[in-house]
Amino acid sequence: MRFVNFAVVKLSLFLTGGIVAGYFFPSDPVFFFKLVSAGLLVLVLLWFLNLKNVQPNKIFTVVAFGTFFLLGYVNVTFRLPDFQPGNAQNFIKKDSFQLVQCKVKSVLKPNVYTQNFIAKVIAVDGNLSTGTILVSVKKDSLFQPFYVDDELLISAKFSEVFSNRNPYTFDYSKYLKTLGINNQVRISGLDVLEQRKGKKTLLGIAASLRNHIILKLKENNLTKDELAIIEALLLGERKDISKALYEGYQKAGATHILAVSGLHVGIVLLLISFLLKPLHYLKGGKTSALLLTVVLLWGFALIAGLSVSVVRAVTMFSFLVLAQLINRETNAINTLFLSYFFLLLLNPLWLFQVGFQLSYVAVFFILWMHPKLYKYYRPRFYLDKLFWGILTITFVVQIGVTPLLLYYFHQFSGLSFLTNIVILPFLGIILSLGIFTIVLALINALPVWLSVAFNYVIEWLNTFVLWASKQDGFIVSNISFSGYKVFASYLVIVSFVLVWKNRNAKNSILALSSVVVFLVFAFFEKQATHYNEFIIFHKTRTSVMAYKNGSNLRVLTNDTTINYLQQPPVKDYYIANRIAKRTIEKLPFVFTYNKKMILVLDSLGLYPNHKIDYVVLTHSPKIHLDRLIDSLQPRQIIADGSNYRSYIERWKKTCKRRKLPFHYTGTKGAFILE
């Protein structure tokens with residue numbers, strides 16, 4: 001940890017704290033902006049008054065930490081739509097068609113029914129606007145593909161991004177908010193009034209180049225799955241990977257290979273350095289080679305889609321080059337936190353993206369733990385060094401990212417050691433061969449034998465990964481891991497690494513205390529799940545309900561041939577609640593819960609002639625709701641996702657007129673009865 005500038009680390013942490021506070025507890029940033037401006041002025045004055053002091057005084061330190069905390073707060077709140085007067089969200093007219101002019105920023109992976117795009121808003125109903133929206137276009141006979149930098153004039157109704165309707169499931173709306181997207185429009189080909197090529201941007205040029213490369217590769221004997229992996233490895237384009245193949249990479253612990261990251265940038269850097277080596281023999285050639293390397297790496301990052309991991313890696317290298325050019329001694333951890341600080345100033349919303357978190361945590365643990373661990377064994381031969389390096393790096397990365405992986409994905413794959421040891425030694429060759437293949441394909445000089453050979457290499461890679469993914473004994477799934485456990489886990493990991501590096505009483509007490517904290521969190525979380533509830537999940541075209549009794553779960557459904565225990569939202573529900581015993585049963589017609597009578601009314605529309613507390617409407621029963629209410633006198637009407645929307649609207653109006661509570665799971669989310 002020599003030469004580590006802890007001021008950079010601390011300022012980065014305070015900036016992070018401000019961003020978190022601003023994101024979850026936003027307030028008008030104008031006042032805080034004034035405080036930041038005043039704080040920066042005070043820091044400048046204190047700096048000049050204390051030029052002779054090597055160490056900053058306490059007042060300077062307190063003002064600096066407070067200022068950078070507020071800087072993070074202001075930086076993120078200024079980007080929220082509520083504090084942007086010109087944001088498109090402020091021009092939305094509910095349930096009304098509006099003219100929206102926008103420019104396509106990126107093309108997302110399509111599904112069976114729609115093609116999705118992220119677009120920058122230019123104007124709404126003639127009012128100049130800002131902001132980013134999700135555009136979902138129905139695939140029909142009039143659908144025309146959009147490309148990055150296309151400008152569109154569309155007639156559409158704004159709607160909020162589809163959020164999760166069930167507890168503990170992945171919330172797509174929250175994910176899109178980390179991309180700065182708060183609204184979407186759903187349109188068909190008829191709603192596109194005008195489509196034209198807009199002014200070219202760097203992202204548009206890069207997207208066009210990617211599309212051209214993919215088109216050239218398709219002309220050269222590459223099969224579908226292999227081409228999809230090549231696109232991911234070299235171009236950062238993963239939308240063509242099939243679901244089964246991607247799940248195979250996930251189970252094998254090899255998805256980091258598909259995401260263009262620091263590993264790929266490092267290999268490309270070695271290749272560029274090798275090609276530019278002759279420049280070193282010229283006067284000023286080393287400086288020119290460094291600058292040219294930075295330019296080429298940023299070009300690679302741009303073509304790869306500027307993903308968070310590749311931007312982090314290239315930014316780090318750029319800071320290292322800058323330090324060399326100004327003859328400033330630096331440390332890799334300093335550079336890591338400088339890049340972290342710089343990127344969060346550039347886009348604070350990156351902090352809430354999984355890729356950003358995993359990328360920085362992985363690199364931090366490599367820099368912090370790997371040098372000491374690597375010294376435990378002194379390899380003598382090249383292959384020995386290669387495999388020992390891969391093994392130790394994989395080990396420290398696994399330690400660093402496991403809490404986050406458990407929190408986000410609820411599973412642990414012990415296969416990552418195997419896949420890394422087998423694949424990583426050859427990844428440099430695969431990437432170099434891939435770059436060579438792309439260059440030859442672009443100039444129409446790719447020989448058939450080379451394309452066939454490269455296709456075979458990628459086919460071997462896919463075959464190995466799919467084989468590894470089937471070794472179920474190495475995969476532990478359905479692990480419940482909360483945010484509190486993530487915090488406690490990192491407390492345990494950091495404290496034990498400190499003991500490993502420096503055994504003293506202070507570090508030992510910290511390590512034991514961290515274990516106690518983790519056990520306390522685990523105990524109270526387990527106790528917190530010992531409750532009973534009845535839940536009606538939102539699931540389209542079917543009915544799924546469940547009765548939770550402590551650590552037991554009875555899933556009730558009209559179709560017991562489908563294993564809903566392995567599907568969301570049921571799977572997410574029992575993982576979060578640490579439920580061990582789970583069964584699936586046929587959904588009954590009438591049953592009681594907590595002394596309350598519940599009627600499930602299906603398409604037959606048959607119901608008893610006695611009082612019912614809750615009526616659940618499923619599969620669009622053809623009933624006269626007024627008569628049902630008069631006959632059963634229910635406390636509440638619930639409709640799940642198996643009903644037609646036209647029926648829902650009619651029932652909603654009836655309940656409103658009768659002043660009876662109505663709950664539709666499609667808008668209000670799952671219905672929970674405690």
What fraction of the DSSP beta bridges in the chain is antiparallel, stated in percent and rounded to the nearest 5?
-> 70
Which is farthest toward the positive dipole end of the chain among I92, V308, V8, measuring Cα position about the Cα centre, with Cβ charges +1 (Lys, Arg) and -1 (Asp, Glu)?
-> V8
If you place +1 on the Cβ of every Lys and Arg, -1 on the Cβ of every Asp and Glu, and leave all else neutral, what size is the dipole of the chain about its Cα centre, to the nearest 20 Debye?
-> 1000
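Sorted from fewest to most neighbouring beta carbons within 10 Å, what does the list I479, I429, I230, I267 look like?
On the way: I479 15, I429 11, I230 24, I267 18.
With the sparsest Cβ surroundings first, the list reads I429, I479, I267, I230.
With Cβ to Cβ distances under 14 Å as the rule, what net charge do the other residues near I366 carry (K, R +1; D, E -1)? Mind showing how you got there, number by number?
Details: positive: R312, K372; negative: none.
After counting each charged neighbour, the total is +2.
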How far is helix 262-275 tilted, in degrees, relative to the longest principal axis of the Cα atoms in the chain, given as a value from 0 to 90 rounded to the nearest 10?
-> 30
Please state the relative contact order of region 122-217 as a whole percent: Cα pairs under 8 Å, 6+ residues apart?
-> 38
May I ask you to list the aspartates and glutamates whose Cα is less than 15 Å away from that of K485, ignoring any residue fewer than eight positions away on the same chain?
-> E525
Ranking Y484, N502, N455 by how far each Cα lies towards the positive end of the charge dipole of region 452-549 (+1 on Lys and Arg Cβ, -1 on Asp and Glu Cβ), the top one is N502
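Over 14 Å apart: what share of the alpha carbon pairs of region 130-198 falls there, rounded to a whole percent?
Working: 1514 of 2346 pairs.
Result: 65 percent of Cα pairs exceed 14 Å.
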Straight-line reach from K611: which aspartates and glutamates have a Cα under 12 Å away, not including same-chain ones fewer than 8 places off?
-> D630
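Please give the calculated 222 nm ellipticity per residue for the chain, where each DSSP H segment of at least 4 residues contributes -39500 (n - 2.57) and the sum is spread over every residue; nearest 500 deg cm²/dmol? All intermediate terms of the calculation are to be shown ahead of the outcome.
Values: 22 runs with 347 residues, N = 674.
Per the formula, -17000 deg cm²/dmol.
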Of Y147, L176, I118, whose Cα points farthest to the positive end of the dipole of region 115-253 (charges on the beta-carbon: +1 Lys, Arg; -1 Asp, Glu; origin at the Cα centre)?
-> L176
Under 15 Å from the Y376 label point (7 Å along Cα→beta-carbon), backbone N, region 497-536 | 497-502
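Quick one: compute the contact order of the chain, relative version, from alpha carbon pairs under 8 angstrom and 6+ residues apart, as a percent. Please report the intermediate quantities before stating the final value.
Numbers: 1028 pairs, mean separation 67.2, N = 674.
Relative contact order comes out at 10 percent.
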Any lysines whose Cα falls less than 17 Å from that of K652, other than same-chain ones fewer than 8 residues away, would be K622, K668
Cβ crowding within 10 Å averaged over residues, with 648-657, 504-513 ranked highest first = 648-657, 504-513
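Rounded, prolate or oblate for region 532-673? Axes are the square roots of the Cα gyration tensor eigenvalues, ordered a ≥ b ≥ c, and the cut-off for rounded is a/c under 1.5. Could the numbers behind the result be given before it?
On the way: a/c = 1.90, a/b = 1.66, b/c = 1.15.
Prolate, since a/c reaches 1.5 and a/b exceeds b/c.
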Nearest 10 degrees, 0 to 90: helix 645-657 Cα axis against the chain principal axis | 60
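For a quick check: sort E237, E194, E585 by the number of other beta carbons within 10 angstrom, fewest at the front.
Numbers: E237 23, E194 9, E585 12.
Starting with the residue having the fewest Cβ neighbours, the order is E194, E585, E237.
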Identify which of the listed values of Rg and Dmax of the Cα atoms in Å was calculated from the structure shown: (1) 28.6, 97; (2) 29.8, 100; (3) 25.3, 74.
-> (1)
Around E674: net Lys/Arg minus Asp/Glu count, Cβ-Cβ under 15 Å = +2
Would you mind checking the tilt of helix 448-469 against the longest principal axis of the Cα atoms of the chain, expressed as 0 to 90 degrees and rounded to 10?
-> 60
Inter-part distance where region 592-625 and region 374-429 are each reduced to a Cα centre, Å = 56
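Among D140, D191, what is the fewest-to-most ranking by other Cβ atoms within 10 Å?
Details: D140 10, D191 19.
If I rank by nearby Cβ atoms, fewest first, I get D140, D191.
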Projected label distance in nm at I479 and L279, using a 7 Å step from Cα toward the beta-carbon | 4.4
Counting only the backbone N, which residues of region 93-124 are under 19 Å from the spot 7 Å out from the Cα of R645 toward its beta-carbon?
-> 93-99, 111-117
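Around P634, under 9 Å between beta carbons, what's the net of Lys plus Arg minus Asp minus Glu among the other residues? Mind showing how you got there, number by number?
Values: positive: K611, R635; negative: D613.
Overall, the nearby charge balance is +1.
Laboratory data are not the source of any read-out in this text; all were calculated from the coordinates shown. What you are looking at is a predicted structure, and each value in this text was computed from that prediction instead of being measured. In this analysis, Cβ positions are derived from the backbone assuming ideal geometry, glycine residues included, and neighbour counts consider all displayed protein chains.
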